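Everything on this sheet refers to the single structure shown next.
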Amino acid sequence: MARSKTTSASAAHGMDARVVVTLMLVYILAALTHVTASLAAEAQPARKIPRVGVLGGQSPELSPPILALRQGLTELGYVEGKNIVLEWRWAHGKSERFADLVADLVQRKVDVIVAAPARAVREAQKATRTIPIVMVYATDPVALRFVATLARPGANITGLSVQAPDIAGKRVQLLRQAAPAVARTVVLYDPADPSFVVDVREAESTARRLNLPLQVLEVRGGGELDRTFSAIAREGPAAVLMLESPTFVVHRARIAELAARHRLPTLSWSRSMTEAGCLMSYGADQVDLARRAAYYVDKILRGATPGDLPVQQPTKFELVINLKTARALGITIPEKLLLQADRVIE
């Protein structure tokens, strides 16, 4: 009987030893697994935060519409400095600076370049064929050879266009409606902006249809504004149509002053020009376009190929009229035109 108890005790002891050994092995394996996982995690590189270069024609102090890109990215879940970095580059109204600004972004190896004015898109296209480019305010991207077609861009450029059918012609008509007594129209353009060719062609076509004399003048910089407006005034009454250019936006206060001095009704593409004192503006809602550009940035960062993303045209347009300027010029804006306005500045 005593032997049986001894045998049972030995068996129990042996079983306890096996349990202890098993538990120790489990602990050791768990510890090794934890260490291996930690080492693997440390070996993996930190997740890269995408960097997006943004080319603006003016400066942040002027609150240009391109700043609405931030709003669009926020709506898509991006937090600047946390899961995206924006590298802002400003030309301060000097289009010739875009080449250097683009070169800097390419050297920094940004993941996407957002280019606002057409000149910025042109310089970005020259600088890189690999970094995706999102254009925002291109007038006619097909005519400017930024893309093959709107539906299938085909290369590393996509984005949005400010162009709608005959928008320059529409501006000529609006200026004619606002100042029907003025028999001559002068178109001012900046040759540094490649988009002027398309708009000039459309403006001339509309002027011919309206049997309206039209003169086209180039302005190469802010220093030429005084001379240009004086020359226009010397030849008699005229209405002035300004085509897209960062130079005009930067010098918008001076342009409004010269137009008032020489009693020249003016129309541009930008609301900011009318707010500065020009008579009217008509064009695509640039804030809306900048916000929508965030959609392209998001798609590209998620792996989409720019050449497969169709170019979108504007869906929102705005007509802004400055009645204070109209009264100073002695112009009575027709009621029908006022009713069409999205905003009237009193």
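Remarks
- Residue in the stretch 209-225 that is within 25 Å of the chain's Cα centre (by Cα), under 25 Å from Arg145 (Cβ atoms) and touching a residue at least 40 places away in the same chain (Cβ under 8 Å) present: no
- Scope the stretch 48-65; condition outside any loop (DSSP other than H, G, I, E, B), in contact with a Pro (Cβ under 9 Å, 6 or more places away or on another chain) and more than 16 Å from Pro132 (Cα to Cα); matching residues: Gly56
Here's the yes/no breakdown for (1) assigned by TED's automatic domain parsing to the domain that holds Glu224; (2) out of contact with any Gly (no Cβ under 7 Å at 6 or more places or on another chain); (3) more than 30 Å from Pro265 (Cα to Cα):
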{"site": "Gly72", "(1), (2), (3)": "no, yes, yes"}
{"site": "Tyr78", "(1), (2), (3)": "no, yes, yes"}
{"site": "Glu87", "(1), (2), (3)": "no, no, yes"}
{"site": "Lys94", "(1), (2), (3)": "no, yes, no"}
{"site": "Val102", "(1), (2), (3)": "no, yes, yes"}
{"site": "Arg122", "(1), (2), (3)": "no, yes, yes"}
{"site": "Thr130", "(1), (2), (3)": "no, yes, yes"}
{"site": "Ala151", "(1), (2), (3)": "no, yes, yes"}
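- Any hit, the stretch 193-203, residues being over 17 Å from Trp269 (Cα atoms) and either touching a residue at least 60 places away in the same chain (Cβ under 8 Å) or of a type in the set (Lys, Arg) (or both): no
- Residues that are under 22 Å from Gln177 (Cα atoms), aliphatic (A, V, I, L, M) and crowded, with 22+ Cβ neighbours inside 10 Å, drawn from the stretch 285-333: Val320, Ile321
- Verdict on Leu160 being among the aliphatic types (A, V, I, L, M) and within 18 Å of Pro246 (Cβ to Cβ): yes
- Options Leu225, Leu241: the member that is modelled with pLDDT of 95 or more, within 25 Å of Gln313 (Cβ to Cβ) and either surrounded by 15 or more Cβ atoms within 10 Å (Cβ to Cβ) or not basic (Lys, Arg) (or both): Leu241
- The set of residues from the stretch 320-333 being under 17 Å from Tyr282 (Cα atoms) and more than 34 Å from the chain's Cα centre (by Cα) is empty.
- Residues considered: Ala294, Ala304, Ala253. Of these, the only one that is outside the structural domain of Thr332 (by TED's automatic domain parsing) and assigned to a helix (DSSP H, G or I) is Ala294.
- Condition check for Lys82 on (1) within 15 Å of the chain's Cα centre (by Cα); (2) assigned to a loop (DSSP other than H, G, I, E, B): one failure, at (1).
- For Phe146, the conditions (1) outside any strand (DSSP E or B); (2) touching a residue at least 40 places away in the same chain (Cβ under 8 Å); (3) under 17 Å from the mean Cα position of the chain (by Cα) all hold with the exception of (2).
- Hey, Val110 outside any helix (DSSP H, G or I) and out of contact with any strand residue (DSSP E or B) (no Cβ under 7 Å at 6 or more places or on another chain) or not: no
The values are calculated or read from the model by the stated rules, or taken from the named source; none is laboratory data. The structure presented is a predicted model; accordingly, all values stated were derived computationally and were not measured. Positions of Cβ are generated from backbone atoms using ideal geometry, with glycine treated the same way; all protein chains shown enter the neighbour counts.
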